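Worksheet: one structure, shown below.
The numbers here are math on the coordinates, done by the rules we state, and not lab data. It should be emphasised that the depicted structure is a prediction, and the values quoted were computed from it without experimental measurement. When we count neighbours, we look across all protein chains shown, and the Cβ atoms used for this are built from the backbone with ideal geometry, even at glycine.
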Amino acid sequence: MILGKLWKALAAQMNKIANFFWTADPIAQLQYEYDKAVDQMKEGREGLEQYRALVERVTRQVNGDRSHVASLEARVKAYLQAGERETAARFALELQKAKKELAENEAQLKLHETAYNNNVTKIKHATKKLADLKDKIHKYDAELKLSRAEAELAKLANSFNFDITTDFGQIEDVIQDKIGLNRAKVRVAADLSGEGLDQIRAEETVEKNMAEQALREFEVELGMVTPETAGVSSAEKELGAEPVKQIAR
């Protein structure tokens, strides 16, 4: 009983392995069956050729028997016409045996011809089936490859879903963050490059006016020019100093 169980368990595992290899590559299995059938067809054709040789041999024998019968019939008639009945009777007996043998051989030839024709029909039908099987193998192979490609494309399409929960979505989010950071740096640089320009220009203008006013006052003190010619007045001094107070605020 134990050996029986072990044998059944082993047989089950072997069957499992066989099924695995059987379904691993069905196209290869079909091709194997096709090749095996082609080999069998070749053997059948060789056998049919040998059988046809037998038919041809029986045909030659039947033709020989027919010629022999015709010859015996001619001899029997000739001897009868010559009045030699005893000789004619001997040939008539031989003719009887020849006709019997001819009938048997003709029956055999008919059987052989029928069998040969039936086998030719079977092989032609099998050849057509093999051609159909070959076309099916190519068709199934193409369809199987196409279905695999479609499955891979479908899987790839799902993988390329840029949802935030997927790896691609997270990568895209990181890329967008980096793009936003780079754009922010550019904007900050642009903003900083124009910050306070008006104030700086105003300060430069005030400093220039104050310098010009101080120069005029120095020229007046040195007597190089008079206040009237220099255009300096106390009101202008106050106006010249006023912008500085405003900027200080």
Long-range HN-HN contacts of residue 225 with modeled amide H, under 5 Å: 220
All-pairs alpha carbon distance profile, the range 51-118, 10 Å steps from 0, percent: 23, 38, 22, 13, 4, 0
Simple spin-label estimate for residue 138 and residue 212 in nanometres, 7 Å along Cα-Cβ: 9.7
Table column - 3J(HN,Hα) (Hz), the range 198-212, Karplus curve with 6.51, -1.76, 1.60, x for Gly and Pro: 5, 5, 5, 4, 4, 5, 5, 5, 5, 4, 5, 5, 5, 5, 4
